[in-house]
1. Which residues' amide hydrogens lie under 5 Å from the amide hydrogen of Leu121, considering only partners 5 or more residues apart or on another chain, with H built in the peptide plane?
2. Non-local amide H neighbours of Ala190 (under 5 Å, H modeled in plane, Pro and chain starts lacking H): which ones?
3. Sorted by packing (mean other beta-carbon atoms within 10 Å per residue), highest first, where do 353-361, 315-323, 405-413 land?
4. Round to the nearest 0.05 the FRET efficiency obtained for Thr92 and Arg119 when R0 = 30 Å and r is the Cβ-Cβ distance.
5. Report ³J(HN,Hα) in whole Hz for each residue of the stretch 406-423, in order, from the Karplus equation J = 6.51 cos²θ - 1.76 cosθ + 1.60 where θ = phi - 60°; Gly and Pro get x.
6. With every protein chain in place, what's the accessible area of Glu459 (1.4 Å probe, Å², nearest 10)?
7. Tally up the carbon and sulfur contribution to the accessible surface of the stretch 463-504 as a whole percent, 1.4 Å probe, everything protein left in place.
8. State the percentage of accessible surface on the stretch 373-454 attributable to carbon and sulfur atoms; use a 1.4 Å probe and exclude ligands, DNA and RNA.
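The values are calculated or read from the model by the stated rules, or taken from the named source; none is laboratory data. Predicted model, so just to flag it, every value in this text is computed and none were measured. Positions of Cβ are backbone-derived with ideal geometry, glycine not excepted, and every protein chain shown enters the neighbour counts. Note: areas computed on protein heavy atoms with side chains; ligands, DNA, RNA excluded. Shrake-Rupley method; radii C 1.70, N 1.55, O 1.52, S 1.80 Å.
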Amino acid sequence: MSGELYPVVAAMPDPVAPDAQWRRLSPRMLLIHPIREVGRAIPALVGIFFASSSSGHSTWSALALIPVVGLSMLRWFTTRYRISPDQLQLRTGLLPRRTMSTPADRVRTVDVTAHALHRALGLTRVVIGTGISDRKREGLVLDGLTAEAAGRLRAELLHRLVPAGSAVPAVQPAVQLSVPQLLVAEQRIAELDPRWVRYAPFTLSGAVTALAILGFAWRIIDQTQVSAGDVSAVRSVTDHLRHTPIWLDAVQLSLGGLLAVTVLSVLGYLLAFWNFRLTRHSGGSLHISRGLITTRATSIEERRLRGVELSELLPLRLVGGARLLAVATGLRVGRGAERGGSLLLPASPLAEARRVSAEVLNDPASPIDLALQAHGPIALRRRYVRAVLPAVLVTAGLVWLASTGRLAGWLAATALLLPVLAVLLARDRYRSLGHARTGRYLHTQFGSLVRRRVLLQTEGIIGWNLRESFFQRRAGLATLTATTAAGRQSYRVTDLALPIALELADAAVPGLLTEFLVHPSDTIHGS
């Protein structure tokens, strides 16, 4: 049941002196690095093996393993980290040598991941978020901490938990704990319901996995100089398709591809979100844990949370599903929601996503299902013009090609559906467009193929970007973009009437645009 409280033991860090010593990663990583690097080099090693075998020098393939293994082991010897009262520092490399440091109070998230090999040896990979999107860099990475050390590190950096009476804390503590206070509470917000797996086929994960598998297989075939026609399974399928009508080939390939994508989607969903759990820590953080073979635990400081994003992919929306993402500084959003640390809830019922958003924000005055303000008939007309006009032009071109005999007639007939689909797309894009402002939040919704609804704290808005294209200026519209240091770092309100856009920006963040606004009284005095 949501809201249940149960005790957990907080990991307590040892006190660290101001002249903190450099710490090493666990030496068990000497067993993992070589295996992982050899696995990554398999395509190249297979190519070297075949090339050396054909030339009679088969020992080259074995010699190629030496630099791979050597370089992977060198990484452990050249990696150090330390935590002082003011800074977290990471030193890596030999030639050249890099030292990365960040103020302790800039740590936003701690992401703990354990792959299969890591779990076998009791190790984890820790990524420390410092408020910089991973579109440019991943952050501070400690690959090879024991699970116990990762728990202590998370407590040091996020919860600032230290034993009461310690002379020098690892970082400036938020609270001093005595021994009876070691038991803290976590409030369960959500956990995986096995019935949610029915939403997996309506995400893109299966298609992406299928493409990744095909890409890896193609790379192996390319490195081994083997023709795809030499593979018996491929040859059997090709022979079968050659002796059947083309329409039956299309149906069979479509059904086979759909079945493969469905199976891969369900399998990927279970692997990624098995034992999914979202909890609130009494120390002021949210914890997301999940994973079957590879486990992952992400901790987010609640004071860094700037809102939530409800994401509805079109197929997922058609079956009443959605995903929930966190808008917070320091989250890894550059690699996608499922690979990054911003995911608060996987594909699940829309009602569940709305409930979880309300509990995460803990602000009843700003519900995520609030009715939004429409953007008016001019914005509606722009949706139709931008969708229908290109579709009509493409259809006319295809029909002309068919009339001259340069294109099959059935293709031109199929193209007649494009304007109909464009009308439906334009209608849906307008229905997905809207905005509102309630309490401390700005609501904005946009998109059709992927509809996103964002609740963004107005305190987290650091600037406005007002954009008017040539056609928007002629229609009296503008796109208002709120810039922030959290999440995707910019969230737009599209095709608003210019006076409404200025009014919304000024009301959401009072005073930010005041000196740029011209009031009627100023115009009268100026004349």
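1. Long-range HN contacts for Leu121: none found.
2. Here the answer is Leu278, since their amide H atoms fall under 5 Å of that of Ala190.
3. Packing order, densest peptide first, comes out as 353-361, 315-323, 405-413.
4. 0.80
5. 8, 9, 5, x, 5, 5, 5, 5, 5, 5, 5, 6, 4, x, 5, 5, 5, 5
6. Near enough 110 Å² of accessible area.
7. 53 percent
8. 68 percent
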